[in-house]
Amino acid sequence: MNPTALITTTLLLFSLTMVYGGNVLVFPLDGSHWVNMKVLIEELHSRGHNITVIRSSNNWYIKEKSLHYSFITIPQPSGGIDEKIFSSFVTRLLQIQREGRGFWSRISLEYEMIKQFYELHKSVIQMMIMMFEDAELMRSFHAANYDLVLTDPGIGSGVLLAHRLGLPLVLNVRWTIMGESHFAIAPTPLSYVPVPGSLLTDKMAFHERVKNILFFLFTRLQTSYVADSNYIPFVHRYFGPDVHYMSLFQAADIWLMRNDFTLEFPRPTMPNVVYMGGFQCKPSKPLPQDMEDFVQSSGDHGVIMMSLGTLVGQLPEDIVEEIAAAFAQLPQRVIWRHTGKRPATMGNNTLLVKWLPQNDLLGHPKTRVFVAHGGTNGVQEAIYHGVPIVGLPLVFDQPDNLNRMRVKGVAKIVDIATINRDIFLEALKAVLYEPSYRDNMQKLSRLHRDQPMKPLDSAMFWIEFVMRNKGAAHLRTESYKMSWFSYHSVDVITTQDIQFKLLVDLVLTLKMNPTALVTTTLLLFSLTMVYGGNVLVFPLDGSHWVNMKVLIEELHSRGHNITVIRSSNYWYIKEKPSLYSLITIPQSSGGIDEKIFSSFVTRLLQIQREGRGFWSRISLEYEMLKQFYELQKVILR
């Protein structure tokens, strides 16, 4: 290799990092959320950015020594998630669930979670007060010239610090301190958007919609206790009495959503929401040799993998014994992440490990089923690799995630409160031997992968976009600054003279040609990676055709066959095209006639020149309605 070329290349790469590398301040949430954030940090570091991570001194997962980031440790004993406290908390939640699924058990479960989250946010606020009052620390933040703050809004610390420093804000988000993130930023009609925890779908009967609204009201009560009592006094103290803490979250530039619509139900979203579901997923690597030998020994039966995520290493002993007994009755090999003692009922087909390469095992061709607790990371990795799930939901969002998978036909759920070896074995056999589970999951996997940019690359683009442009305010709606009274137009609806204007505006919408919807419907019959598809186009004439023609030309350049339907008297759409074949409908008045349209426009201009008064506007609207009515009537003929 030419040494001069090597030196030149090295200098070029060095200069690129010097020019384009940004300074990113990261305020993460500990626990399994750190697993996600770490993926973003490592990728940012690989692209030449400088990363500084803020951590509490008693953090569980966030280590002080890393090749990918420098760190600032806040010396506070109660500022993070303590492993021992959290473990006992999860054990208590499991105990409550096993006592039954009745109303009072659910209330007890919710009370325990509310109490724990209240204490978590209380400790967060204590840490933030200490930071804000430390003048030397705040000066060091300003002096560092950070380009943005990247944070997980499951706690409010990063959001509060970003606004204190006046920095652009990017959220790595699935949940905020008020619940599921969409509810904080996007329109959320409760008629078809299920509230997390309700275990409903986007298709709700009347009684289910009632349940959904009640769940929503209950979550607002939770928020008022957990978040309001902690964050409102702090925000009023440091940002002013007119500032609501949630507006600081809603003012974020970009929301990197750890979700996509292979997991989520369809719902409204916003321009500054970027879906990066499965961004942590990647192709599998070879397994350690001893584990590979165990997997290969399964023959054609394949392997079952069981892991309950980063936070739950073991279940109560009696449940462990029942699960082990069920596994022992199967011909498959089982790899089970379990940190407790070896169950007495365990068969020779089961391998217990304290750690397993989850992504690599899910991507192994012999893996048949994933026994999982339903955390977002594990579910998305299962989707990515196309492995169906037997779910053991334990706490937090896990029942909701697995319910979505059940509805999509890729998972079977076992209730931890009623589990025994027979119930668990029946669920395993269903997912192992009913082809629909694997077929449906393979379809979800194809849908997830079929996108123009990898989720991690998309996340990197938008983080760097915010760095380059000092924010993304043009994508952020200002609706969060409106009162609920104004947001829902209550003031407008209650004013009679404005009601009449609304009625007129509603009538105006009738001028929209429904053919514009029909004409843009593309019937893709055999679109694959290799073969061109057959596309039937029913366009609208006039200037609308100019737009449609761009799509047609691009489809043609990609090898697709285009057929266009036109009326014989269309104005723009010509009979002798080179890019598409043609079906002409012989109708004397079926299109937009140039002469008639020209006289119509002349008449509208004449009316406008007569004045801008009320009756001129009515006359103008009448002429347009009459013309569009005749057009629609002709189309239906």
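Since every read-out is calculated from the coordinates, none of them should be taken as a lab result. Please read all numbers here as calculations on a predicted model, not as lab measurements. No Cβ is skipped: glycine too gets one built from the backbone with ideal geometry, and neighbour counts run over all protein chains shown.
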Considering only C-alpha atoms, what is the centroid distance from the range 449-477 to the range 388-409, in Å?
29 Å
Rounded tilt (10° steps) of 32-46 against the dominant C-alpha axis of the chain
70 degrees
What is the pair-distance distribution P(r) of the range 380-490, computed from all Cα-Cα distances in 5 Å bins starting at 0, with each bin given as a whole percent?
2, 10, 13, 13, 12, 10, 11, 11, 9, 6, 4, 1
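What does the C-alpha gyration tensor say about the overall shape of the range 289-449? Classify as rounded when a/c is under 1.5, otherwise prolate if a/b is larger than b/c, or oblate. Provide the component values of the computation, followed by the final result.
Numbers: a/c = 1.42, a/b = 1.15, b/c = 1.23.
It is rounded, given that a/c, with a ≥ b ≥ c, falls under 1.5.
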If neighbour count is taken as other Cβ atoms inside 10 Å, put Ile413, Ile114, Ile463 in order from fewest to most.
Ile114, Ile413, Ile463
Karplus (6.51, -1.76, 1.60) ³J(HN,Hα), θ = phi - 60°, over the range 474-490, in Hz, Gly and Pro reported as x:
5, 9, 9, 5, 9, 4, 5, 7, 8, 6, 4, 4, 6, 4, 8, 6, 4
Calculated percent of Cα pairs over 41 Å apart (choose from (i) 32; (ii) 38; (iii) 42), label:
(iii)
For the chain, the longest site-free run once GluC sites (Glu not before Pro) in DSSP loop states with at most 16 other Cβ atoms within 10 Å are removed:
100-477
Reach of Lys63 by Cα under 26 Å, taken over lysines that are not fewer than 8 positions away in the same chain
Lys38, Lys84, Lys122, Lys282, Lys285, Lys354
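How much length is gained on full extension from Asn145 to Glu64, taking 0.36 nm per residue of separation minus their Cα-Cα distance? Mind showing how you got there, number by number?
Numbers: separation 81, 0.36 × 81 = 29.16 nm, distance 2.21 nm.
Answer, rounded to one decimal: 27.0 nm.
What order do you get for Val303, Val295, Val492, Val410 when you list them from fewest to most C-beta neighbours inside 10 Å?
Details: Val303 23, Val295 20, Val492 13, Val410 28.
Listing Val303, Val295, Val492, Val410 from fewest to most nearby Cβ atoms yields Val492, Val295, Val303, Val410.
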Modelling each spin label as a point 7 Å along the Cα-to-Cβ direction, I'd like the Val546/Met138 distance in nm, to one decimal.
5.5 nm
Could you give the nm distance between label points at Phe461 and Glu434, where each point is 7 Å from its Cα heading toward the beta carbon?
3.9 nm
Reach of Lys633 by Cα under 22 Å, taken over lysines that are not fewer than 8 positions away in the same chain
Lys511, Lys595
DSSP bridge orientation in the chain - percent antiparallel, rounded to nearest 5
5 percent
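Stretch Phe71-Gln606 to full length: gain in nm at 0.36 nm per residue minus the Cα-Cα span?
On the way: separation 535, 0.36 × 535 = 192.60 nm, distance 7.01 nm.
Stretched fully, the Phe71-Gln606 segment lengthens by 185.6 nm.
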Given axes a ≥ b ≥ c from the Cα gyration tensor, I'd like to know whether the range 172-309 is rounded (a/c under 1.5), prolate (a/b larger than b/c) or oblate.
prolate
Can you work out the FRET efficiency for the pair Asp450 and Ser578, with r the C-beta to C-beta distance and R0 = 25 Å, to the nearest 0.05?
0.20
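Given Cβ point charges of +1 (Lys, Arg) and -1 (Asp, Glu) and nothing else, what value in debye, to the nearest 20, does the dipole of the chain about its Cα centre take? Walk me through the numbers before you get to the answer.
Details: 61 positive and 57 negative charges, 193 e Å.
In total the dipole reaches around 920 debye.
Return the equivalent ellipsoid semi-axes of the range 595-636 as a descending list in whole Å, where each equals the square root of 5 times an eigenvalue of the C-alpha gyration tensor.
Numbers: eigenvalues 94, 32, 3 Å².
Sorted largest first and rounded, they come to 22, 13, 4 Å.
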Between Thr418 and Ile213, what FRET efficiency comes out of the Förster formula 1/(1 + (r/R0)^6) with R0 = 22 Å and r the beta carbon distance, rounded to 0.05?
0.15
At 222 nm, what value in deg cm²/dmol follows for the chain if DSSP H runs of at least 4 each add -39500 (n - 2.57) and the sum is divided by all its residues, to the nearest 500?
-15000 deg cm²/dmol
If the cut-off is 22 Å between C-alpha atoms, which lysines fall inside it for Lys203, apart from same-chain ones fewer than 8 positions away?
Lys211, Lys408, Lys412, Lys443
Just want to confirm a number: the relative contact order over the range 240-385, from Cα pairs under 8 angstrom separated by 6+ residues, in percent.
26 percent
Exposure proxy ranking, count of Cβ atoms within 10 Å, fewest first, for Trp545, Trp355:
Trp355, Trp545
Calculate how steeply helix 614-636 sits against the longest principal axis of the alpha-carbon atoms of the chain, using the helix alpha-carbon long axis, and give the answer as 0 to 90 degrees to the nearest 10.
80 degrees
State the extension gain, in nm to one decimal, for the chain segment bounded by Lys470 and Ser57, taking 0.36 nm per residue of separation less the distance between their alpha-carbons.
145.5 nm
